[in-house]
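Worksheet: one structure, shown below.
Read the figures in this text as sums done on the coordinates, not as results from a lab. No experiment lies behind these values; they were computed from the predicted model shown. So basically every Cβ, Gly included, is an ideal-geometry build from the backbone, and we count neighbours across all protein chains shown.
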Amino acid sequence: MSPRSSPAPSAHPAPGSSLTAARRRRELGRSTDGTTVDVLVVGLGATGAGAALDAAARGLSVVAVDAHDLAFGTSRWSSKLIHGGLRYLASAQFDVAHESARERGVLMERTAPHLVRAQPFVLPLTPLVSRGQAALAWAGFRAGDTLRLAARTARSTLPAPRRLSAAETRHLAPALRTTGLRGGLLSWDGRVTDDARLVTAVARTAAAHGARILTRVRALEITRSGARVRDELTGEEGEIRARAVINATGVWAGGLVEGVRIRPSRGTHLVLRTDHLGAMPAGLHIPIPGETNRFVLVLPQGDGRVYVGLTDEPVDGDIPDVPQVPETDIGFLLDVLGSALDVPVHRHDVVGVFAGLRPLLDTTPAAGSGAPAGTADISRKHAVLTSPEGVITIVGGKLTTYRRMAEDAVDTAVAAHRLPAGPSTTTAVPLVGAAPPQVLAALRAPRRLVSRYGTEAPAVHALTEQDPRLAEPVLEGHPVTRAELLWAVRHEGALDTADLLDRRTRIGLVPADRADAMRTAHDLLGDTFDAD
């Protein structure tokens, strides 16, 4: 069966897609043996994994490396939304808005309907929202629906926005303060089950097309003809030769290629327990007081947690592997929550925090000093840059448009290096686990597994039937089972407990939960590698 066709449900992973420690060792050896591949991709976030898939789907030979793990950087710190581009209309970025709406439709209807679905949002019309602001927001939601139509996304995929009565608003968002509530505005957007799982699916699909996906391989130096690399597990160094090199390292891109200037923007999120806010049939858009077109999002996750975000703050200085969250960000988000919720949320109710750094291209003059300017209004349009040495760098953009960013980077590589490849095919390449909604609905597996694994859900569930102990939760009160950790080691390239708890699952977003789950993850990882 071709990996381009929609896979049928089975008790096995998609052919050729399994990432394992043994496969990594084998393919790293092949990649550093002196042979030359068509494309080397550095960075395995969404865009890097997408570039690996795009190039491999065109029939090119591909090696993709990352110093850490799949989705280690910005790609796992998003709001988990697949935006349709509405916010870009307000700043007249019409091309970015249309591109976002188009890519959202591709994910929801063709390449990842198992991972990306419609998410309802309520914008409550509280006393802090003037009638003029409400009219502006309603016009924006209608414009967003026009974007959906222009992108040819079906109405059945994304319902129309509508006005809500005060009673309907309170039903969809019971935590709202009722005093002065005039009603609400209901809108819809795309939402990914888990951003890190999306990246894992893209990387595994690339592997199914023949790409070598190598985590824990650091690019020490890159040139137009390849890279000097180090195996972070053994310390051994080697060289990967390639006809074209794509730098997809996001906010770290400037550290590998001179002349690339990034202006990072920090987007902070809080993690709350669902039982604190109560049932939430819909997410919330809470207007930021004093702002006309900015909102704080309240995002129920379905796993006992709620995310609240996000900030948009410029970051100066060195770029850390894992961004730290300042108390000022936490206080800001709590204050906005307090402006609309009837349920008080205090600092001690915040059980976790996380922040991502947006890799925005710095187009300001290099001269000057002082604090960086604000980043909220910098264009989210991506750019493909080619260094004087011929290294191709892809920067900017966002999670929603990763596929188009990858396509543009590979197009540049193909043209610049005369690689034997035709146009991109990835708008029609389903990711591992993808299938039409009717197929997903008929799968004999728990719905939660289907929303995370798609057509592979029966195979994950079959592990629990073979060994009932694997059906036990990793952590009391959290839905992730031991079978999911085992699957991550056997098929998703997880090499250590951090891979399991922080990226293949999101248990690690709450430090207390991470600590409680560590022993189980460590024992299961050891048993699996010992069995190998």
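Descriptive notes on the structure:
- When peptides 187-197, 41-51 are ranked by their average number of other Cβ atoms within 10 Å per residue, the highest-first order is 41-51, 187-197.
- Distance from the Cα centroid of region 428-491 to that of region 129-144 is 40 Å (rounded to whole angstrom).
- Here the label points at Gln133 and Ala512, each 7 Å from Cα along the C-beta direction, are separated by 3.4 nm in the simple model.
- If the chain linking Arg182 and Asp312 were pulled fully straight, counting 0.36 nm for each residue of separation and taking away their Cα-Cα distance, it would gain 43.9 nm.
- Projected area averaged over orientations for the chain, convex hull of C-alpha atoms, nm²: 23.7
- Normalised contact order of region 437-531, rounded percent, pairs of Cα under 8 Å and 6 or more residues apart: 19
- Label-point separation, Ala150 to Thr223 (7 Å along Cα→Cβ), nm: 4.6
- Centroid-to-centroid separation of region 6-79 and region 186-248 [C-alpha atoms, Å]: 5
- Dividing the convex hull volume of the alpha carbon atoms of region 437-531 by its residue count gives 95 Å³ per residue.
- The angle between the Cα long axis of helix 402-417 and the longest principal axis of the Cα atoms of the chain comes to about 30 degrees, rounded to the nearest 10.
- Amide H contacts of Gly226 (H built 1.01 Å from N, under 5 Å, at least 5 apart or other chain): Ala242
- Projecting the Cα atoms of Thr520, Val489, Ala441 onto the charge dipole of region 437-531, computed from C-beta unit charges around the Cα centre, puts Ala441 farthest toward the positive end.
- Helical mean residue ellipticity (222 nm; -39500 (n - 2.57) per DSSP H run of 4+; nearest 500) of the chain: -9500 deg cm²/dmol
- The HN-Hα couplings worked out from phi for region 493-503 by the Karplus form 6.51 cos²θ - 1.76 cosθ + 1.60 (θ = phi - 60°) are x, 5, 10, 8, 5, 5, 4, 5, 8, 9, 10 Hz, whole numbers, x standing for Gly and Pro.
- Modelled this way, with points 7 Å down the Cα-to-C-beta line, the labels at Arg273 and Thr36 are 6.0 nm from one another.
- Amide proton proximity set for Gly210, modelled H, under 5 Å, gap of 5+: none
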